[in-house]
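> I'd like to ask some things about the structure below.
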Amino acid sequence: MKPHRLAFCALGPYADEVEIDFDPLVEEGLFLIHGPTGAGKTFLLDALCYALYGDVPGERGRHTVRSDHAPLDVSTWAELEFTSQGHRWRVRRSPEHEAAKVRGEGTTRRLAEATLERREGDEWRAVAGKIREVNDEIAGLLGLTAEQFQQVILLPQVASSGSSDPTPRTARNCCARSSTRPSSGQHQSGSTTLPRAAGKQQPSMNVSLRTYVERPPSGGGP
């Protein structure tokens, strides 16, 4: 799977809409997600996992992903565009959550939703429109269940996963590697800035990429 674009709204520490374009990053082969504690680094991976599988690692689960900072008239959703098995896909999910009524005062309970579309030319064609159907399609496209994706790809931390995996939290946030890597060159770097996560104690965060390409031995030997 190659991610292209991740967008979400009222999710986790982010009260507003956030959009991340992965294409300029994955072209470099390796990029680093870094920032101060509490900046929202871990939740970017949680949002990607939620968009794919409708769940997040650890004890939080799908029922606690809505942002506590978002007003009731702002819907919670996550959307990911990615390439898998030679096609470009778009999956969108919304968790069950309390929302303001369209008419009148008060609130109403919105049910969880999920859709999956495949790009055909300049249009998106609907592939699945029910949660179970989307779950089955995603598992087939990626070849991983949600639990396997969390354990193998995200490397969840001990505290949130409840497992015996000793992988530290920083390992989960350190990097994401694409299926391609540069064929030549030296050290390259660049950065892009994401919106500030909601809350006074959450500083702004940068997503920086840094690619290292080994040079051939200078002596020409093995």
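Nothing in this text is a laboratory measurement; each read-out follows from the coordinates by a stated rule. If you're wondering where the values come from, they're calculated on a predicted model, not measured in any experiment. Cβ sites come from the backbone with ideal geometry, for glycine too, and all protein chains shown count toward neighbours.
> Assuming R0 = 30 Å, what is the FRET efficiency of residue 102 and residue 139, from their Cβ-Cβ distance, to the nearest 0.05?
Details: r = 34 Å, r/R0 = 1.14.
Efficiency, from the Cβ-Cβ distance: 0.30.
> Using a basic spin-label model with each label point 7 Å from the Cα along Cα→Cβ, how many nm lie between residue 21 and residue 72?
About 3.8 nm, to one decimal.
> What list of ³J(HN,Hα) values in whole Hz, one per residue of the stretch 98-106 in order, does the Karplus curve 6.51 cos²θ - 1.76 cosθ + 1.60 (θ = phi - 60°) give from phi, with Gly and Pro shown as x?
So the J values, rounded to whole Hz, are 7, 9, 5, 5, 5, 10, x, 9, x.
> Continuing with this model, one more query. Set the Förster radius R0 to 35 Å, insert the Cβ-Cβ distance between residue 83 and residue 37 as r into 1/(1 + (r/R0)^6), and round the FRET efficiency to 0.05. Let's see the in-between values first.
On the way: r = 33 Å, r/R0 = 0.94.
That gives a FRET efficiency of 0.60.
> For the stretch 1-54, what does the alpha-carbon gyration tensor say about shape, rounded, prolate or oblate, given a ≥ b ≥ c as the root eigenvalues, a/c under 1.5 as rounded, and a/b over b/c as prolate?
Numbers: a/c = 1.82, a/b = 1.27, b/c = 1.44.
In terms of gyration-tensor shape, oblate.
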